[in-house]
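Here is the structure we will look at.
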Amino acid sequence: MSDIDLARPTESLQAPTSAATRKGAAEIWHQFSRHTGAVIGMIVFVTIVAVVLLGPYVYPVKASETNVRARNQGPSVERPFGTDNLGRDLLAQNLAGGRVSLAVGVSAMLISIVLGTIVGQVAGYFPRLDGPLMRLTDLFLALPILPLLLVIIMLFRDTLRSSFGPQTGIFLLIVTVIGITSWMNTARVVRGDVLALKEREFVTAADALGSGHGRIMWFHILPNVMSPILVSASLGMAGAIITESALSFLGLGFPSDVPTWGRLLFDGKDYLNITPMRVVWPGLFISLTVLSINFMGDGLRDALDPRLRGRE
Amino acid sequence: MARFLVRRLLVAIPTLIAISFIIFAVLDLAPGDPTGNLPLTIPAEVREQVRRSLGVDDPFLIKYAKWARQFFVYEPISLFENATGITFPGQEGRLRILSWQTRSPVSDLIVQRLPQTLWVVGLAYLLGIVIAIPVGVYSAYRQYSIFDQVGTLVSMIGFSVPTFFTGLLAIIVFSVHLKWFPSIYDTTLVVRDWPSFVQQLRQMIMPVTVLAFFNASQLSRFMRSTMLDNIHQDYARTARSKGLKERVVILQHVLRNSLIPVVTLIALGIPGVFTGAIITEQIFRVNGLGDLLIRGIYNSDIPLVQTITFMFAVLIVFFNILADVAYGYLDPRIRYV
C-alpha cells in the first residue's frame, strides 16, 4: 500500500464541514468579489433594501394619506414621485410597497427552500421514499402554476381576509401558495447531491459511529448541499418577487390599500396618458431588484462551482 | 422506442388524473356560490332550483365523474363533429361543459379565443427562437468578445425585467408619446385589404416584440452555454484538423449537436406560451385565451376555469413527452429503457 492510500481514508472520514467550510467561505467570497456583475448586483440590492427600510424615517409621509385636491400630480420638490388619482404620495407608496414585495420574496423563498430541501434530502437518503417523492415532484412540475395560483387566490382570498385581517390574510395566502408551488427544482438538485454524498466515506463513518439518520442528514449531509441550496435560494427569491408582482398586476394579489410594486403597476396602468411615471418607478424597482438578485446568483454559482466559470 | 413511448403514455395517464383531481378539488372546496351574482330579487326557491340545475349540491365524487366524462368523452366528440360535420349516432343527448357566464359550451369559447392567442403569443415565440439561435451561436463562438459581453448583459436584463413592465414602457413610449402604434389590440379587425393588413401589423408589433425579446433572452443564454459545451470537444478539433472550413465546423458539426438540448427546451417551453399569454393579453388587452381565463376567474365561472386550467396541464404533460421523444430521436446516444 502506498502512502496515498493510507492517507486517503483518514482524510475522507472527516466530514468536510467545519474547517473546510470556513476555508471555503473565504475562497467563495474571494471568487464572488472578482465577479463584477455580482458585486454591482450586491451594491444595488443592498441600496434598494436600505432605501426601502430606512426611507420612511427620512421621508415621513404616510402612504395611505389621500388628498383629492392634489391628485395626479407630476414630480415636484415636495412630492418627488408625484401623486396618484387619489392624491396619495407615490414615493411613500413605492417605499411601503417595496417592504411588502421584499417580505413576500424572502418568506416565499424560505418556504420553498425548506420544503425543497426536506423533500430532496428524504428522497435522496431513503431509497424507499425516492420513487414516490420524485413522482410527486414530477406531478407538481406538470401543474399549470400561474392559472392555479390565480384560482386559489381568487377563491380563498375572502375567507383568509376575514379570519386574519386584510393585510396578514392575503400575505399568508400569497406567500404560502408561491412557496408550495416553487420547491421542485430545489428538491431535484438536493436529491441528486444527496445521492452522491450518501456513498461517501464520511457518511459511512458517521453511520458506523452510531449516528442516527436525522443526525447524519442534519450535521453531515446538509452542510455539503448548502451551495446548491444557496443558488436556488437566490433564484427562488427573484422568482417569488416576479410571481407576486404578476399576481398583483393581474389584480389578484394584494388589495389596493396594501401597496406592493406589482399592485402599483396595476393601479397605474390605466393612467398612462396622465401620469406615465406612475408605472415607471415600481417597474424600475422590480426590475432592478430581480436583476441584482440574478447577478448575485450568477456570481454565487460561479464561485461555488469552478467548472461553470465563464459559462452561461 | 415504441416501448418507451407506451410506458411514457401509461405514466402520463395517472399524472393527468391526479392533476385533474387536484384542480377539481381546489375549485370544489372553495367557498363561493355561482348564484351569488344573480339579482337579489330572485326568490330563494328559484335560486335553489338554479343551484340544482347546475348540479352544485351533488357529492364531490359524482361531480368529478360527471365532469371527467364530459371533458374526456363528450367534448372531444363535439369538437370532432364540429370540425368534420360527421354526426355520431346515439350521442345526441350528451351534456356539454357549459360556461356559467355565457351558457355556451366552454370548448366553443376556447375555439373562438385560440386564434388571437396563437397569432400574438405563438408568433412571439417563433420570433424569439429565430433571434436567440444566431445570437447564442455567435456569442459562444466569440466568447468574451464585446458582442458576447453586451449580449449576456442584454439577455440578463431581458430575462429579469418582467414583460408587464417592458410592455407598459413600450406603450408609454410608442403609443402615448410617439403615437406610432395603438395601445389596445382590436380583435374584431378583419384583414381584407392592404390598409387593414397594415393596421393588423401595427397592432401586433408591440406585443410580439416585447414577448419575443423576453423569450429570446432566455433561449439565447441556453444556446450559448450548450454551444460552449460542444465547441471545445474533440470532434470539433478533429473536424478542424481535417481541414474543414471554420463555417462548416461551427454550423454543421457543433451547431447540430448543440441544438439537441435546445430543441427539447423549445418543446418544453410551448405550454409556457399559453400560460404566459395570461399576462401579455392583460397588458395589450388582447382578447385571447388568457383573457378568457382571467374573466372566468373574476366571475367565478368554475367550469370554464377548470377546463382551461386542465387544458394547460394536458399541454404540459404532452410537450414533456414530446421533448423526451425528440431528444431520443435527435440524439442516437440516448437509449430508451
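The values are calculated or read from the model by the stated rules, or taken from the named source; none is laboratory data. Small disclaimer: the values here were computed from a predicted structure and weren't measured. Glycine gets a Cβ as well: all are built from the backbone with ideal geometry, and neighbour counts include every protein chain shown. These accessible areas exclude ligands, DNA and RNA; they are computed on the full protein's heavy atoms, side chains included. Shrake-Rupley method; radii C 1.70, N 1.55, O 1.52, S 1.80 Å.
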- Filtering segment A:292-312 down to residues that are open to solvent by less than 30 Å² (accessible area, probe 1.4 Å) and touching a Ser or Thr at 6+ places or on another chain (Cβ under 8 Å), which residue is modelled with the lowest pLDDT? A:297
- Query: Does any residue of segment A:162-185 turn out to be at pLDDT below 85 and over 22 Å from residue A:106 (Cβ atoms)?
  - Reply: yes
- Item | Meets criteria (modelled with pLDDT under 85, touching a Ser or Thr at 6+ places or on another chain (Cβ under 7 Å), more than 26 Å from residue B:208 (Cα to Cα) and not charged (D, E, K, R)) for residue B:336 | no
- Item | Unique match (being more than 14 Å from chain B (Cβ to nearest Cβ), open to solvent by 60 Å² or more (accessible area, probe 1.4 Å) and in contact (Cβ under 8 Å) with a residue 60 or more places away in the chain) among A:110, A:102 | A:110
- Query: Do we have any residue at all in segment A:31-45 that's outside any helix (DSSP H, G or I) and surrounded by 14 or more Cβ atoms within 10 Å (Cβ to Cβ)?
  - Reply: yes
- Restricting segment B:281-337 to residues that are open to solvent by 50 Å² or more (accessible area, probe 1.4 Å) and charged (D, E, K, R), which is nearest to residue A:142 (Cα to Cα)? B:324
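Yes/no per residue for (1) under 17 Å from residue A:52 (Cα atoms); (2) in contact with a Ser or Thr (Cβ under 9 Å, 6 or more places away or on another chain); (3) modelled with pLDDT of 85 or more:
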site	(1), (2), (3)
A:248	no, yes, yes
A:257	no, yes, no
A:263	yes, yes, yes
A:267	no, yes, yes
A:272	no, yes, no
A:276	no, no, no
- Looking only at helices (runs of 4 or more DSSP H) that fall completely inside segment B:101-168, which ones have 3 or more residues that are of a type in the set (Phe, Trp, Tyr), open to solvent by 10 Å² or more (accessible area, probe 1.4 Å) and away from chain A (no Cβ under 14 Å)? B:123-141
- Query: Quick one: would you say residue A:214 is on the phi < 0 side of the Ramachandran plot and under 24 Å from the mean Cα position of the chain (by Cα)?
  - Reply: no
- Note on the structure: Matching residues in segment B:169-182 (in contact (Cβ under 8 Å) with a residue 12 or more places away in the chain, more than 23 Å from the chain's Cα centre (by Cα) and more than 7 Å from every other protein chain (Cβ to nearest Cβ)) number 5
- Message: Condition first: in a helix (DSSP H, G or I), more than 9 Å from every other protein chain (Cβ to nearest Cβ) and of a type outside the set (S, T, N, Q). Now tell me which residues in segment A:154-169 satisfy that.
- Response: A:157, A:160, A:161, A:164, A:166, A:169
- With respect to residue A:197, determine if the residue is closer than 25 Å to residue B:312 by Cβ and either open to solvent by 10 Å² or more (accessible area, probe 1.4 Å) or part of a helix (DSSP H, G or I) (or both). no
- One residue from A:190, A:231, A:175 being away from chain B (no Cβ under 14 Å), in a helix (DSSP H, G or I) and within 24 Å of residue B:293 (Cα to Cα): A:175
- Query: Is it the case that some residue within segment A:62-82 is of a type outside the set (Gly, Ala, Ser), modelled with pLDDT of 80 or more and assigned to a helix (DSSP H, G or I)?
  - Reply: no
